[in-house]
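A short write-up of the structure that comes next.
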Amino acid sequence: MAKQRIGFLGMGAMGGPMARRLVHLGFSVTGYDVSAKRIETAATEGVTIAGSAAAAAEDADVVMSSLPNPAAVRAAYLDANGAVSTLRAGAILVDMSTIDPNTWHEVATDRAAMSPA
């Protein structure tokens with residue numbers, strides 16, 4: 001069975017090591033971060049780099065995120081080039097960010113509104 005494709009949003013102090021570990025375990029990981037330095041570090045350890053959160057999520061079976069605050073989560077998921085715009089039907093979202101429950105509820109509500117009836 002093929003391993004799941006993972007889109008990873010946030011290559012910082014927490015997300016970067018997690019994404020790289022998934023690569024070392026044999027998963028196909030496509031990552032995105034707003035920091036060029038973090039992207040460079042992730043790329044040297046096998047993470048495929050995407051130009052946007054939408055591109056990281058586009059072919060993913062699972063989208064994981066580890067972001068620093070609610071504004072970063074909203075941007076990564078809900079902006080014009082956010083992950084919600086390209087999520088596949090059945091994709092699983094796993095967020096490990098330091099945020100309040102209302103922010104994630106907002107993302108989930110937006111995702112549900114975009115799903116076909």
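Things worth noting here:
- Of all accessible heavy-atom area on the chain, the percent that carbon and sulfur account for (1.4 Å): 56
- For the chain, adding -39500 (n - 2.57) for each run of n ≥ 4 DSSP H residues and dividing by the number of residues yields -11500 deg cm²/dmol at 222 nm.
- Within the assembled protein chains, the solvent-accessible surface assigned to Ile92 is about 90 Å², based on a 1.4 Å probe.
- Accessible area (Å², per residue) of the chain, counting only protein heavy atoms and a probe of 1.4 Å: 54
The values are calculated or read from the model by the stated rules, or taken from the named source; none is laboratory data. Note that this is a predicted model, so its numbers are computed, not measured. SASA here: full protein model, heavy atoms, side chains in, ligands and nucleic acids out. Shrake-Rupley method; radii C 1.70, N 1.55, O 1.52, S 1.80 Å.
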